[in-house]
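J.: Below are the structure tokens for one structure; questions will follow.
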Amino acid sequence: MSAEIIDGKAFAEAFRGRLAVQVAAFAAAAKRAPGLAVVLVGEDPASAVYVRSKGKATRAAGMESFEHRLPATVAQDELLALVDRLNADPAVDGILVQLPLPGHIDERVVITRIDPDKDVDGFHPVNAGRLATGLEGFVPCTPLGCLMLLKDRLGDLAGLDAVVIGRSNIVGKPMAQLLLGESCTVTIAHSKTRDLSSVVRRADIVVAAVGRPRMIKGEWIKPGATVIDVGINRTEDGLVGDVDFAGAASVAGAITPVPGGVGPMTIAVLLRNTLVSAHRRASVPYEK
Ligand code: NDP
């Protein structure tokens, strides 16, 4: 193995430590802690785990966590009424509705009901538009976490060839926008892409967000490339990424492991977005 392993867990822990200091400073100045409201509908076990760890991390950073649990049978109007209350609540800086929602609820309707200025997940179309046009808004947590890891390792990304595999609104598209914003030459690959291996082979930066275990092979990777594996796949061998880690690690310059790579960054960025929101709403500039 030659690649440097990008330790997202350690990076996220250090980042959260710095955030906690900034949260304390905000709370002292504003006479209140930043607040994050998380809404969980139904009993999906994976979602329940995510919501629990988000609540724990929020409190550990010194922020207020407001958790709302609704039954799987809740009417869409009732969920929308809760979102309206959270939009109007001055103690709430960030609102996150845990996805997926039960089938009878239209996720797009719920996401677009969140005040874009409290949409710390960055899923609202207004925030997607702001990202695409270079305006200040909220950027989805996972791709922003990936960008932080990339900049930490590579510094200036300008001119690098980047390939993002996956074009979801949550990961692939915003990741591509962020890399474009850093002046990378960006290719977005997806299920209809022809000859994916040669597309990947020209990339200095590979971001895999597909959801298929070990699909990206070591032979596809350009020697020395930086590989960010967003995939989380539950297999008989436990959690694995979208990249064949052993194969890619022998050619890449650096690679994120799964688990312990991108995953821990997502919650850290969620906390950061909430703190940024608190600063904006209190009209106090956020110093990085
Ligand atoms: P989606 O299922 O929404 O999107 C998957 C994308 O992969 C689609 O654009 C799809 O293309 C593309 N794709 C599927 N098959 C292929 C193929 N054979 N070749 C090339 N592209 C393909 O997934 P998400 O973006 O939500 O998530 C991706 C992965 O990241 C998942 O494993 C998920 O668990 C993980 N994830 C991890 C997070 C973290 O915190 N670390 C957070 C969010 C997600 P098409 O559009 O053509 O169908």
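J.: Would you pick out the residues in the range 92-115 that are within 17 Å of the chain's Cα centre (by Cα) and buried (at least 17 other Cβ atoms within 10 Å of the Cβ)?
T.: Listed by number, the residues that qualify are GLY94, ILE95, LEU96, VAL97, GLN98, ILE111.
Residue by residue, here is whether (1) within 13 Å of the ligand (Cβ to nearest atom); (2) of a type in the set (D, E, K, R) holds:
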{"residue": "ARG153", "(1), (2)": "no, yes"}
{"residue": "ARG167", "(1), (2)": "yes, yes"}
{"residue": "VAL171", "(1), (2)": "yes, no"}
{"residue": "ALA176", "(1), (2)": "yes, no"}
{"residue": "THR185", "(1), (2)": "no, no"}
{"residue": "LYS192", "(1), (2)": "yes, yes"}
{"residue": "VAL199", "(1), (2)": "yes, no"}
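J.: Okay, moving on. Can you say whether LEU96 is closer than 23 Å to GLU43 by Cα, in contact with an Asp or Glu (Cβ under 7 Å, 6 or more places away or on another chain) and of a type outside the set (Gly, Ala, Ser), as far as the supplied structure shows?
T.: yes
J.: So which strands (runs of 3 or more DSSP E) are wholly in the range 113-224 and hold at least 3 residues that are under 19 Å from GLY241 (Cβ atoms) and of a type outside the set (S, T, N, Q)? Even if it seems obvious, please write down each step before you answer.
T.: Numbers: elements: 161-165, 185-189, 205-208.
Here the list reads 161-165, 205-208.
J.: Restricting to the range 201-253, name every residue that is surrounded by fewer than 16 Cβ atoms within 10 Å (Cβ to Cβ) and within 13 Å of the ligand (Cβ to nearest atom).
T.: Selection gives GLY211, ARG212, LYS217, ARG234, THR235, LEU239.
J.: Restrict the check to the range 31-49 and report whether at least one residue is assigned to a helix (DSSP H, G or I) and crowded, with 18+ Cβ neighbours inside 10 Å.
T.: No.
Here, each number is a calculation from the coordinates, and none is a lab measurement. Values in this document were obtained by computation on a predicted structure and should not be read as measured data. In this analysis, Cβ positions are derived from the backbone assuming ideal geometry, glycine residues included, and neighbour counts consider all displayed protein chains.
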